[in-house]
1. Look at ALA126 and say whether it is within 15 Å of the ligand (Cβ to nearest atom), open to solvent by 10 Å² or more (accessible area, probe 1.4 Å) and either at pLDDT below 95 or in a helix (DSSP H, G or I) (or both).
2. How many residues, within region 180-207, are open to solvent by 80 Å² or more (accessible area, probe 1.4 Å) and more than 13 Å from the ligand (Cβ to nearest atom)?
3. Can you pull out every residue in region 82-117 that is in contact with a Lys or Arg (Cβ under 7 Å, 6 or more places away or on another chain) and either in a helix (DSSP H, G or I) or among the small types (Gly, Ala, Ser) (or both)?
4. When only residues in region 103-123 that are within 18 Å of ILE223 (Cα to Cα) and in contact with a Pro (Cβ under 7 Å, 6 or more places away or on another chain) count, which is nearest to the ligand (Cβ to nearest atom)?
5. Condition first: within 17 Å of TYR70 (Cα to Cα), of a type outside the set (Val, Ile, Thr) and either near the ligand (Cβ under 10 Å from one of its atoms) or open to solvent by less than 40 Å² (accessible area, probe 1.4 Å) (or both). Now tell me which residues in region 130-156 satisfy that.
6. Can you name every one of the helices (runs of 4 or more DSSP H) wholly within region 171-236 that holds 1 or more residues which are among the basic types (Lys, Arg)?
7. Among ARG76, ARG168, which is the only one that is over 28 Å from LEU20 (Cα atoms) and away from the ligand (no atom under 12 Å from the Cβ)?
8. Can you pull out every residue in region 1-24 that is closer than 15 Å to ASP225 by Cβ, crowded, with 18+ Cβ neighbours inside 10 Å and of a type in the set (S, T, N, Q)?
Amino acid sequence: MLSQQAAHIVGDGLKANPELTLGLPTGSTPLGMYAELVRLRQAEGLDFSRARTFNLDEYIGLPADHPKSYHAYMRRHFFDHVNLAAENIDIPNGAPGIDVDAESERYERAIHAAGGIDLLIVGIGANGHIAFNEPGSSFASRTRVVNLAPDTIANARRLFESEAEAPRTAITVGIGTILDAHRILVLASGASKAGVVRRVLRGLVSESLPATALQLHADVTAILDQPAALDTPQSL
Ligand code: GLP
């Protein structure tokens with residue numbers, strides 16, 4: 001349901017504006033949404049040919065073809081299966097040897113030149129991060145290099161062969177960049193997210209819980225599955 005609803009919001013957005021600019025997340029939560037968008041492409045010809053995409057983040061130190069990079073994730077789950085034009089796809093480049101500060105500036109400029117992000121989809125990390133904006137991130141932050149929080153590293157560690165291989169830094173759009181999007185779609189699934197989702201949607205707005213910044217945005221839709229919604233009252 002969550003995945004279908006999210007995909008339908010993206011699909012409706014695309015039909016209303018074929019030149020839609022999307023902000024795209026990674027992680028396990030949006031996998032079903034990507035699968036549904038691929039199905040809509042194949043079954044109904046949903047057209048991405050004029051759409052633009054900006055991914056929210058990428059690890060630093062992994063070449064784009066590293067299987068655990070977000071570049072590879074996006075190709076595997078989405079880009080290889082829909083008709084997005086290669087030149088309309090952008091992901092922060094965290095490859096070894098890249099000047100990451102210059103890359104961060106390039107990314108902000110590219111989003112600006114595209115007219116901003118129309119629809120940005122985001123998940124919530126277990127510690128309340130959005131994209132890779134860890135606790136303590138300024139709500140005014142822009143695309144930049146960040147140190148990952150210890151629990152984020154531990155989480156990522158499960159996907160990598162060894163401690164040495166697991167990334168400790170990333171390049172991420174900032175919270176300010178996220179809040180500039182015209183519309184935001186928040187996705188959360190599973191009982192393990194119930195506590196953090198309640199605090200994010202109903203708790204005190206604070207830079208110690210970055211996703212609470214979403215409460216400051218005028219057009220946010222949260223799609224939760226039942227286990228993730230368990231702790232969150234419908235109204236106060
Ligand atoms: C990573 C990503 C975030 C994502 C988070 C949650 O940290 N950088 O953008 O929201 O994972 O992942 P999951 O959906 O697997 O819980």
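1. So ALA126 fits the description; yes.
2. Adding up the residues that qualify gives 6.
3. ASN88, SER104, GLU108, ALA114
4. GLY123
5. Passing the criteria: ALA131, PHE132, ASN133, LEU148, ASN155, ALA156.
6. Correct list: 194-202.
7. ARG168 is the lone residue from the list that is over 28 Å from LEU20 (Cα atoms) and away from the ligand (no atom under 12 Å from the Cβ).
8. SER3
The values are calculated or read from the model by the stated rules, or taken from the named source; none is laboratory data. Since this is a predicted model, take the numbers as computed values, not measurements. Ideal geometry is used to build each Cβ from the backbone, glycine not excepted, and the neighbour counts take in all protein chains shown. These area figures cover heavy atoms from the full protein model, side chains too; ligands, DNA and RNA do not enter into them. Shrake-Rupley method; radii C 1.70, N 1.55, O 1.52, S 1.80 Å.
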